[in-house]
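Reviewing the structure listed below.
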Amino acid sequence: MSVATELFDLTGRVILITGASRGIGLAMARACGAHGATVVLNGRDADALGSQVDALAAEGIAAEAEAFDVTDEAAARAALERILSRHGRLWGLIANAGVQHRVPVLDFPTEDFRRVVETNLTACFTLGRDAARHMAEAGGGRIVNTVSMLGPQARPTVPAYIAAKEGLRALTRAMAVELGAKGITVNAVAPGYVATEMNTALIENEQFNDWVVGKTPLGRWADPAELGGAAVYLMADAGSFVSGQILGVDGGMSVQV
Ligand code: GCO
């Protein structure tokens, strides 16, 4: 195998991707699987996961499903145990599952704020901690959190999402500094505006769509597949000395005034 290929080869590496039944999570799973990884897709809907596992298998990708709600610690821990009993080791976790809720802050319900933070931040902590325990015992591993271009920058009506995703940036750094000694890197990918189901309402809103297209130097929404490369890089030997970093994949939007 050439050095170039080895740098991005994920053969023999088992990677759990949460929120992988569609969108960015599915794209990251497909990219890692295409580079040789065995990908374990997580979502809440077992049927949706099964369909995607079948689709990936038809592409020659080794894919499995583990259906659980990431906010259910016990269920997540049980899934980790099943993965370890099947494969002996978990190389990587991509903590991608997230929810969105759009309401002006003055009207934002407390229960919705708590729900968004629980899924987008706390669940990344609990699953990341529990996965890292196994990775540490095995001598190392990789954790990638899906954050957002939003965080350092804000827009109206998504306060819970912004707070949670900015907190996840900080958690990424906090875990990176503690887990490096265990051979575990912890990084984040920060998507800009991606054409996913979560954003369909925004894409269909002419004014919002014009804002995204106008504020993004590349002048368009990202295709979810354009997030796959960042996941492969951070899971591969190519990213072996990268930790505590936030890798923006936003078409330049985060740097345009
Ligand atoms: C929104 C969108 C964003 C994007 C992405 C932008 O309502 O503004 O859902 O949150 O999903 O996070 O970086």
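The values are calculated or read from the model by the stated rules, or taken from the named source; none is laboratory data. Not measured: the values here are computed from a predicted model. Cβ coordinates were reconstructed from backbone atoms using ideal geometry, including for glycine residues, and neighbour counts include every protein chain displayed.
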Determine if region 184-201 includes at least one residue that is of a type in the set (A, V, I, L, M), within 15 Å of the ligand (Cβ to nearest atom) and at pLDDT below 95.
yes
Answer yes or no: is there a residue in region 137-149 that is within 11 Å of the ligand (Cβ to nearest atom) and at positive phi. no
Residue pairs qualifying under the 6 Å Cβ cut-off, at least six apart or on distinct chains, with the first in region 234-257 being farther than 19 Å from HIS35 by Cβ and the second being away from the ligand (no atom under 13 Å from the Cβ) and of a type in the set (Gly, Ala, Ser), are SER243/ALA176; SER243/GLY180; GLY244/ALA176
Among the residues of region 167-197, the number that are surrounded by fewer than 15 Cβ atoms within 10 Å (Cβ to Cβ), closer than 20 Å to ASP250 by Cβ and not small (Gly, Ala, Ser) is 1
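Being of a type in the set (A, V, I, L, M, F, W, C) and either modelled with pLDDT under 95 or closer than 27 Å to VAL116 by Cβ (or both) is the filter here; which residues of region 32-74 pass it?
CYS32, VAL39, VAL40, LEU41, ALA46, ALA48, LEU49, ALA65, ALA67, PHE68, VAL70, ALA74
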Those residues of region 209-257 which are among the hydroxyl-bearing types (Ser, Thr, Tyr), within 16 Å of the ligand (Cβ to nearest atom) and in a loop (DSSP other than H, G, I, E, B) amount to THR216
Contact list, first residue from region 89-108 and without any contact (Cβ under 8 Å) to a residue 24 or more places away in the chain and farther than 19 Å from PRO159 by Cα, second anywhere and away from the ligand (no atom under 13 Å from the Cβ) and of a type outside the set (D, E, K, R), beta-carbon distance below 6 Å, six or more apart or interchain, is none
